[in-house]
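The values are calculated or read from the model by the stated rules, or taken from the named source; none is laboratory data. From a predicted model like this one, the values you see are computed outputs, not experimental measurements. In this analysis, Cβ positions are derived from the backbone assuming ideal geometry, glycine residues included, and neighbour counts consider all displayed protein chains.
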Amino acid sequence: MARVADIIAKAKDYYFNQWRGHEKISPAFGEKVYLTGVGWRHIAHHPRRLLIDKIIRLKNLGLAREVLETANTYQTINQKGKFILYGITAIKGNKRIKVVVSSKGKTGRKILFSVMFKGLNKRERQQILEQNEKLITDFRRKNPRIMPKLRRK
């Protein structure tokens, strides 16, 4: 089983070295969606997110890229102050993927802000939690200040 640190390192390499700088024009916007440190921190280091949720997001960044490069439209639009958040949703296999793109105003540069994966049934979520229990415990023991206690819903 892969260690959490290895998963994070592999995802960071993919995000910053393989994807960033090689962005393609997103058909939904007719322009490139750029990758920044803001998006990385939101995906990988959000303080209220469960470790298992972070792992799922990081392991599936390739699917998020595929959605951005193939989706023709965005489905949701929300405004938070001067920022506009666009949501692109797609279904791949048994996963529902939502990619959130942010821009400062309607004409601002588009950046990847977040990636969400939904649609796993309760039994599959439980299996994932059980498989990763050791990873979560080891990570929390080695990094007590980074991760809050695991919250079960």
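Things worth noting here:
- Considering residues of region 1-26 that are modelled with pLDDT of 90 or more and touching an Asp or Glu at 6+ places or on another chain (Cβ under 8 Å) only, the residue nearest to Val100 (Cα to Cα): Ser26
- Given (1) surrounded by 18 or more Cβ atoms within 10 Å (Cβ to Cβ); (2) in contact (Cβ under 8 Å) with a residue 24 or more places away in the chain; (3) not acidic (Asp, Glu), number of the condition Ser103 does not satisfy: (2)
- Residue that is farthest from the chain's Cα centre (by Cα), among those in region 107-126 that are at pLDDT below 70 and surrounded by 11 or more Cβ atoms within 10 Å (Cβ to Cβ): Glu124
- Residues (closer than 23 Å to Asp138 by Cα, among the small types (Gly, Ala, Ser) and within 12 Å of the chain's Cα centre (by Cα)) located in region 1-57: Ala11, Ala44
- Counted residues, region 61-79 - those being over 24 Å from Ala44 (Cβ atoms) and of a type in the set (Val, Ile, Thr): 2
- None of Lys104, Lys149, Lys153, Lys134 is modelled with pLDDT of 80 or more and out of contact with any Pro (no Cβ under 6 Å at 6 or more places or on another chain) except Lys104.
- Within region 68-81, residues that are closer than 15 Å to Thr107 by Cα sit with their Cβ atoms under 6 Å from residues that are of a type in the set (A, V, I, L, M, F, W, C) and surrounded by 11 or more Cβ atoms within 10 Å (Cβ to Cβ), at 6+ positions apart or across chains, in these pairs: Asn78/Leu85.
- Contacts under 8 angstrom Cβ, first residue in region 15-27 being within 22 Å of Tyr74 (Cβ to Cβ), partner surrounded by fewer than 12 Cβ atoms within 10 Å (Cβ to Cβ), 6 or more apart: Pro27/Asn72
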